[in-house]
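Presented below is the structure to which this report refers.
The values are calculated or read from the model by the stated rules, or taken from the named source; none is laboratory data. All of these numbers come straight from a predicted model, not from anything done at the bench. We place every Cβ from the backbone using ideal geometry, glycine too, and count neighbours over all the protein chains shown. Heavy atoms of the whole protein, side chains included, go into the accessibility calculation; ligands, DNA and RNA do not. Shrake-Rupley method; radii C 1.70, N 1.55, O 1.52, S 1.80 Å.
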Amino acid sequence: MISEKLAKAINDQINKEIYSSYLYYAMAAQAEAQGFKGCANWFHIQALEELTHADKFFKYLCSQGALPVMEAVDKPELKGTEIKALFEQTLEHERFVTSRINSLMKLTREEGDYASEIFLQWYVTEQIEEEENATGILDQIRLTGDSKQGMFMLDRELAARVFTPPPAPAAD
Ligand code: FEO
């Protein structure tokens, strides 16, 4: 049985994952408006993935007999609209999410909630990938310098990203 404190913290994370989705939709819209169809595709898929992250948390709370509560979602604020700025904000945001997942993991340990610890391990691994992806794209952008051809190639590469739903959580 999950504690009220941990259930509340996971419920907050559902909100943050939906906010993340909203943020990436805002970025997809900006990339689309600038003609970067591949970047728009990457952000759109990122937005969909964030919804699956929220969904996994939602189902987990239900499986533990807790009641998920849907709170208001903040309006996403973009720090810049250029492609490079969008990916810089992506990396910054994913680092923030990692810190939140780490805090949740710390809480499970404090409470001796081993089931939740196992459940959260998926998110710990996912965050490594999330940060790695954003860092890799930023590295590529920096390597292109101001080259339009480089950005064109990157955009083509990001157009190939496809949406893959995550596996069902172990606790399902
Ligand atoms: Fe749900 Fe991008 O972390």
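When you go through Ala72, Ala31 one by one, which is the residue that is more than 16 Å from the ligand (Cβ to nearest atom), in contact with a Phe, Trp or Tyr (Cβ under 8 Å, 6 or more places away or on another chain) and either at pLDDT 95 or above or not basic (Lys, Arg) (or both)?
None of the other options fit; the residue is Ala31.
Those residues that are surrounded by fewer than 15 Cβ atoms within 10 Å (Cβ to Cβ) and not in a helix (DSSP H, G or I), I need them from the range 96-142; list them, please.
Gly112
Given the conditions (1) under 24 Å from Pro165 (Cβ atoms); (2) in contact (Cβ under 8 Å) with a residue 60 or more places away in the chain, report the number of the one that Phe57 does not fulfil.
(2)
Can you tell me which residue among His93, His44 is open to solvent by 10 Å² or more (accessible area, probe 1.4 Å), touching a residue at least 24 places away in the same chain (Cβ under 8 Å) and within 16 Å of the ligand (Cβ to nearest atom)? Steps first, please.
On the way: His44 fails: touching a residue at least 24 places away in the same chain (Cβ under 8 Å).
Matching residue, one of His93, His44: His93.
Considering the range 70-90 alone, what residues qualify as being surrounded by fewer than 18 Cβ atoms within 10 Å (Cβ to Cβ) and closer than 30 Å to Thr144 by Cβ?
Pro76, Glu77, Leu78, Lys79, Gly80, Thr81, Glu82, Lys84, Ala85, Glu88
If you check Ile118 against the conditions, is it more than 21 Å from Glu130 (Cα to Cα) and away from the ligand (no atom under 16 Å from the Cβ)?
No.
Under the condition of being surrounded by 15 or more Cβ atoms within 10 Å (Cβ to Cβ) and part of a helix (DSSP H, G or I), which residue from the range 60-69 is nearest to the ligand (Cβ to nearest atom)?
That would be Tyr60.
Among the candidates Thr81, Thr144, Thr52, single out the residue that is within 16 Å of the ligand (Cβ to nearest atom) and of a type in the set (Val, Ile, Thr).
The match here is Thr52.
What do you reckon, is Thr164 β-branched (Val, Ile, Thr), within 16 Å of Trp42 (Cβ to Cβ) and surrounded by fewer than 11 Cβ atoms within 10 Å (Cβ to Cβ)? First the steps, then the outcome.
Values: β-branched (Val, Ile, Thr): yes; within 16 Å of Trp42 (Cβ to Cβ): yes; surrounded by fewer than 11 Cβ atoms within 10 Å (Cβ to Cβ): yes.
The answer is yes for Thr164.
For the range 15-37, give me each residue that is within 11 Å of the chain's Cα centre (by Cα) and open to solvent by less than 20 Å² (accessible area, probe 1.4 Å).
Correct list: Glu17, Ser20, Ser21, Leu23, Tyr24.
What is the residue count in the range 1-14 for residues that are more than 12 Å from the ligand (Cβ to nearest atom), crowded, with 18+ Cβ neighbours inside 10 Å and of a type in the set (S, T, N, Q)?
Residues meeting the conditions: 1.
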